[in-house]
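Visitor: Let me give you the structure first, and then I'll get to my questions.
The values are calculated or read from the model by the stated rules, or taken from the named source; none is laboratory data. These figures come from a predicted structure and were not determined experimentally. When we count neighbours, we look across all protein chains shown, and the Cβ atoms used for this are built from the backbone with ideal geometry, even at glycine.
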């Protein structure tokens, strides 16, 4: 799918209020509630994935429970201050906020990354994706940014302080696909792949540990973006209707958070496998999560317009006029039941209530209510977790199987490139001494093909050997890694 570039979200200061800059306020543009729904969905996906076993093969025997510390002192001053502030803002009761020593379990770091993906919340401007054209948030039909910002300000929807401190952003954003691939996203794919490799290749143990934490945070960030593709507003370009009606945020988001919390979310329905990263989101075969969500469910701003009734109005005319007002071709209306009046009816699509409507006698009013939200959640939540777990497995699909033989004075290892990959790459091998420091063995460098195995002689004194191979095949980029403790 071609992914057109779009402008990124931007913070604004108080002086920007006097400029005709395109701004609007984001009160709660976060689709599924981060601290509960996103956290719970990510936990479900992580538990269903292969991440636990992958971590164990990387010398982290406790897998998802392995305690890992982030070394904030390894960041430059600005990065350290920004990340510390975001970590401090996490809910201590959630279980995924690191302790004062910067320590948390490996699985909790992934969940923290999913929550941080919406911290600050205006980052959600880059989580939109229309699978029909690959575009992200685009509010061209709306008011100009300056007029809209001022209107909200004087309507009580925002404050001058809000504009000054960054709770506003431009009227468009990067598409979800562009955002996860953006070098400017500190929780995106480039950060994951770079730090997954660095978690093996860096010299000092604490540097490797911190790199692994950064990779896990980025995994959570990417998963959160995919999870938003299971929220209709985010795949129907519907910020205005879903999040600004009454300026109280998404009614569907609130329903899910209140009904399920974090621990009550349904289990993964089925792990999804897709040809490449983009196709988990959107694809021409219609099986991406954004495709499926957009096709099956309405959002508040994309339901049919109300239809006025006259004495001689027939049902067919109501159906036709309602269908003509639709922004998307599916779901659609084929028939309506207008009697008895003052009674709520439901449009059922693929076995789910997707739209409520009422005949007041003078008009047919369309709406989304709690019954519709309940069916949406029952259908979407298990599916979202299945897609997120599938994407996680896809990113971790390559591995290095390592076997050690011999003794400390004359040791040898064999390395085999395994996993669901079709292309090899350049192998890098590292030996670790008794203090945990690693150095690369240039003589061990080799090009390794899938299924191929090579043997490497090791220098005396090595305690552990690690290897990493970074490559790309038809399914996208991958990093294969492995470690083995010498006998």
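Visitor: If you scan region 418-429, which residues turn out to be surrounded by 19 or more Cβ atoms within 10 Å (Cβ to Cβ) and outside any strand (DSSP E or B)? Give the steps one after another, and end with the answer.
Guide: So the first thing to find is which residues in region 418-429 are surrounded by 19 or more Cβ atoms within 10 Å (Cβ to Cβ), and the list is 421, 424-425, 427-429.
Within region 418-429, 421, 424 meet the criteria.
Visitor: If only one of 310, 324 is within 19 Å of residue 238 (Cβ to Cβ), outside the structural domain of residue 235 (by TED's automatic domain parsing) and surrounded by fewer than 14 Cβ atoms within 10 Å (Cβ to Cβ), which one is it? First the steps, then the outcome.
Guide: Details: 310 fails: within 19 Å of residue 238 (Cβ to Cβ).
Testing whether each residue is within 19 Å of residue 238 (Cβ to Cβ), outside the structural domain of residue 235 (by TED's automatic domain parsing) and surrounded by fewer than 14 Cβ atoms within 10 Å (Cβ to Cβ) leaves just 324.
Visitor: If you go through region 195-230, how many residues are in a helix (DSSP H, G or I) and out of contact with any strand residue (DSSP E or B) (no Cβ under 8 Å at 6 or more places or on another chain)?
Guide: Step one: list which residues in region 195-230 are in a helix (DSSP H, G or I), which gives 195-201, 205-228.
Going one step further and asking which of them are out of contact with any strand residue (DSSP E or B) (no Cβ under 8 Å at 6 or more places or on another chain), we end up with 195, 198, 205, 207, 211, 214-215, 217-228.
Of the residues in region 195-230, 19 are in a helix (DSSP H, G or I) and out of contact with any strand residue (DSSP E or B) (no Cβ under 8 Å at 6 or more places or on another chain).
Residue-wise test of (1) out of contact with any strand residue (DSSP E or B) (no Cβ under 7 Å at 6 or more places or on another chain); (2) over 26 Å from residue 219 (Cα atoms).
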position: 379; (1), (2): no, no
position: 384; (1), (2): yes, no
position: 387; (1), (2): yes, no
position: 396; (1), (2): yes, no
position: 431; (1), (2): no, yes
position: 441; (1), (2): no, yes
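Visitor: Out of region 280-294, which residues are free of Cβ contacts under 8 Å to residues at least 60 places away in the same chain and crowded, with 18+ Cβ neighbours inside 10 Å? Break it down stepwise before answering.
Guide: Just the residues of region 280-294 that are free of Cβ contacts under 8 Å to residues at least 60 places away in the same chain, to begin with: 285-287.
Hits for region 280-294: nothing passes.
Visitor: Of the residues that sit in region 63-78 and are in contact (Cβ under 8 Å) with a residue 24 or more places away in the chain and either closer than 22 Å to residue 430 by Cα or surrounded by fewer than 19 Cβ atoms within 10 Å (Cβ to Cβ) (or both), which one is farthest from the chain's Cα centre (by Cα)? Explain how you work it out, then say what you get.
Guide: Step one: list which residues in region 63-78 are in contact (Cβ under 8 Å) with a residue 24 or more places away in the chain, which gives 63-72, 74.
So of that shortlist, the ones also either closer than 22 Å to residue 430 by Cα or surrounded by fewer than 19 Cβ atoms within 10 Å (Cβ to Cβ) (or both) come out as 63, 65, 67-69, 71-72, 74.
Details: 63: 22, 65: 22, 67: 24, 68: 22, 69: 23, 71: 24, 72: 24, 74: 26 Å.
Restricting to residues being in contact (Cβ under 8 Å) with a residue 24 or more places away in the chain and either closer than 22 Å to residue 430 by Cα or surrounded by fewer than 19 Cβ atoms within 10 Å (Cβ to Cβ) (or both), the top hit is 74.
Visitor: Within region 78-87, is even one residue touching a helix residue (DSSP H, G or I) at 6+ places or on another chain (Cβ under 9 Å), in the same structural domain as residue 273 (by TED's automatic domain parsing), modelled with pLDDT of 95 or more and assigned to a helix (DSSP H, G or I)?
Guide: So far as region 78-87 goes, no, none of its residues is touching a helix residue (DSSP H, G or I) at 6+ places or on another chain (Cβ under 9 Å), in the same structural domain as residue 273 (by TED's automatic domain parsing), modelled with pLDDT of 95 or more and assigned to a helix (DSSP H, G or I).
Here is a yes/no grid of residues against (1) touching a residue at least 24 places away in the same chain (Cβ under 8 Å); (2) surrounded by 21 or more Cβ atoms within 10 Å (Cβ to Cβ):
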{"residue": "397", "(1), (2)": "yes, no"}
{"residue": "415", "(1), (2)": "yes, yes"}
{"residue": "431", "(1), (2)": "yes, yes"}
{"residue": "437", "(1), (2)": "yes, no"}
{"residue": "442", "(1), (2)": "no, no"}
{"residue": "445", "(1), (2)": "no, no"}
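Visitor: Is it the case, given these coordinates, that residue 233 is under 20 Å from residue 370 (Cα atoms), part of a helix (DSSP H, G or I) and over 16 Å from the mean Cα position of the chain (by Cα)?
Guide: Values: under 20 Å from residue 370 (Cα atoms): yes; part of a helix (DSSP H, G or I): yes; over 16 Å from the mean Cα position of the chain (by Cα): no.
So residue 233 fails the test.
Visitor: Return the pair list, or none, for Cβ contacts closer than 9 Å from residues in region 258-276 that are assigned by TED's automatic domain parsing to the domain that holds residue 44 to residues that are exposed (fewer than 14 other Cβ atoms within 10 Å of the Cβ) and part of a loop (DSSP other than H, G, I, E, B), at least 6 apart or on different chains.
Guide: 275/285; 275/474; 276/474
Visitor: Picking from 465, 415, which residue would you name as being under 14 Å from residue 200 (Cα atoms), outside the structural domain of residue 280 (by TED's automatic domain parsing), more than 28 Å from the chain's Cα centre (by Cα) and part of a strand (DSSP E or B)?
Guide: 465 is the lone residue from the list that is under 14 Å from residue 200 (Cα atoms), outside the structural domain of residue 280 (by TED's automatic domain parsing), more than 28 Å from the chain's Cα centre (by Cα) and part of a strand (DSSP E or B).
Visitor: For residues that are modelled with pLDDT of 80 or more and in contact with a helix residue (DSSP H, G or I) (Cβ under 7 Å, 6 or more places away or on another chain), scanning just region 135-156, find the one that is farthest from residue 223 (Cα to Cα). Lay out the reasoning, then the answer.
Guide: Looking only at region 135-156, we keep the residues that are modelled with pLDDT of 80 or more, and these are 135-138.
If we keep only those that are in contact with a helix residue (DSSP H, G or I) (Cβ under 7 Å, 6 or more places away or on another chain) as well, we get 136-137.
Details: 136: 17, 137: 19 Å.
The residue in question is 137.
Visitor: I would also like to ask the following. Which count do you get for residues in region 233-246 that are over 26 Å from residue 94 (Cβ atoms) and either modelled with pLDDT of 85 or more or in contact with a helix residue (DSSP H, G or I) (Cβ under 7 Å, 6 or more places away or on another chain) (or both)?
Guide: Within region 233-246, the first condition is being over 26 Å from residue 94 (Cβ atoms), and the residues that meet it are 235-241, 244-246.
Narrowing further to those that are either modelled with pLDDT of 85 or more or in contact with a helix residue (DSSP H, G or I) (Cβ under 7 Å, 6 or more places away or on another chain) (or both): 235-241, 245.
Residues in region 233-246 being over 26 Å from residue 94 (Cβ atoms) and either modelled with pLDDT of 85 or more or in contact with a helix residue (DSSP H, G or I) (Cβ under 7 Å, 6 or more places away or on another chain) (or both): 8 in total.
Visitor: Here's something else I'd like to know. Say whether the condition of being outside the structural domain of residue 48 (by TED's automatic domain parsing), surrounded by fewer than 18 Cβ atoms within 10 Å (Cβ to Cβ) and not in a strand (DSSP E or B) is met by at least one residue in region 386-393. Reasoning before the result, please.
Guide: Step one: filter region 386-393 for residues outside the structural domain of residue 48 (by TED's automatic domain parsing), giving 386-393.
Filter again for surrounded by fewer than 18 Cβ atoms within 10 Å (Cβ to Cβ), leaving none.
No, because not a single residue in region 386-393 is outside the structural domain of residue 48 (by TED's automatic domain parsing), surrounded by fewer than 18 Cβ atoms within 10 Å (Cβ to Cβ) and not in a strand (DSSP E or B).
Visitor: Please pick out the residue among 378, 472 that is modelled with pLDDT of 95 or more and assigned to a strand (DSSP E or B).
Guide: Values: 378 fails: assigned to a strand (DSSP E or B).
On inspection, the qualifying residue turns out to be 472.
Visitor: Sticking with this structure for a sec: From the list 60, 2, which one is part of a loop (DSSP other than H, G, I, E, B) and at pLDDT 95 or above?
Guide: Working: 2 fails: at pLDDT 95 or above.
Answer to the selection: 60.
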